[in-house]
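One structure is given here, and the rest of the page talks about it.
Nothing in this text is a laboratory measurement; each read-out follows from the coordinates by a stated rule. These numbers come from a predicted model, not from an experiment. FYI the Cβ positions are ideal-geometry reconstructions off the backbone, even for glycines, and counts take in every protein chain you see.
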Amino acid sequence: MNLADLTQEIAKRLISKGWTIALAESCTGGLVCAALTELPGSSDWFERGYITYSNQAKSECLGVSVELIESFGAVSEPVAKAMATGAQCNAGANVGASITGIAGPTGGSPDKPVGTVCFGWTIPTAAGEFVTLTKTKLFSGDRQAVRQQATEYVLAELLTLLSAH
């Protein structure tokens, strides 16, 4: 499914549930928010996006603890989880999603090579509570390719979660 089709399906699911979404992006720098807000009428279901590129921004805007970042690194599933829940909670949205990664060409390490991207999705359950899921992927290609793959992946997984709830 291409990016335009993904965003249209996500919009339909959010509208049908009466839900809104908030995003927290790091390495994608707003690409996901841009893709979602390309759709006319997105203000009905898109609440806001946070571009929290620095660790300080992750802490100040999303409530990610400095200790969490120091313990696991900014590119980690615990930080992605905290980013997704922070975006959802701070925005008062029903759904939150996050991306934090190493798009390159520098910044990688043996443990976290360039192309490592961590994702988080916070979504309400039938019981009215929130659950946050995380995943890590390793993408290949140059900086733009990694950012594009991360954008498509976060939306594809979001659609899967919305379809299941």
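Answer yes or no: is there a residue in the range 103-115 that is in contact with a helix residue (DSSP H, G or I) (Cβ under 8 Å, 6 or more places away or on another chain) and either among the basic types (Lys, Arg) or within 23 Å of residue 36 (Cβ to Cβ) (or both).
Keep residues of the range 103-115 that are in contact with a helix residue (DSSP H, G or I) (Cβ under 8 Å, 6 or more places away or on another chain), which gives 103-105, 114-115.
Okay, now just the ones that are also either among the basic types (Lys, Arg) or within 23 Å of residue 36 (Cβ to Cβ) (or both), so 103.
So far as the range 103-115 goes, yes, one or more of its residues are in contact with a helix residue (DSSP H, G or I) (Cβ under 8 Å, 6 or more places away or on another chain) and either among the basic types (Lys, Arg) or within 23 Å of residue 36 (Cβ to Cβ) (or both).
So which pairs qualify, if the first residue must be in the range 87-115 and under 10 Å from residue 47 (Cβ atoms) and in contact (Cβ under 8 Å) with a residue 24 or more places away in the chain, the second must be assigned to a loop (DSSP other than H, G, I, E, B) and of a type in the set (Ser, Thr, Tyr), the Cβ gap must be under 9 Å, and the two must be at least 6 apart or on different chains? Going by the 9 Å Cβ cut-off, the qualifying pairs are 87/52; 91/20; 92/20; 93/20; 94/20; 95/20.
Limited to the range 1-46, what total is found for residues that are of a type in the set (D, E, K, R) and either buried (at least 21 other Cβ atoms within 10 Å of the Cβ) or at positive phi (or both)? Even if it seems obvious, please write down each step before you answer.
Residues of the range 1-46 that are of a type in the set (D, E, K, R), as a first pass: 5, 9, 12-13, 17, 25, 38, 44.
Adding the requirement that they be either buried (at least 21 other Cβ atoms within 10 Å of the Cβ) or at positive phi (or both) leaves 25.
So the count comes out to 1.
Return yes or no: is residue 131 loosely packed, with under 14 Cβ neighbours inside 10 Å, under 16 Å from the mean Cα position of the chain (by Cα), not in a helix (DSSP H, G or I) and not basic (Lys, Arg)? Yes. Specify the residue that is farthest from residue 81 (Cα to Cα); the eligible residues are those in the range 93-128 that are exposed (fewer than 13 other Cβ atoms within 10 Å of the Cβ) and among the β-branched types (Val, Ile, Thr). Per the criteria, the residue is 106.
Has the range 152-165 got at least one residue that is among the polar types (S, T, N, Q), assigned to a helix (DSSP H, G or I) and closer than 20 Å to residue 7 by Cα? Spell out the reasoning first.
So the first thing to find is which residues in the range 152-165 are among the polar types (S, T, N, Q), and the list is 160, 163.
Filter once more, so that each one left must be assigned to a helix (DSSP H, G or I): 160, 163.
Then drop every residue that is not closer than 20 Å to residue 7 by Cα, which leaves 160, 163.
Yes.
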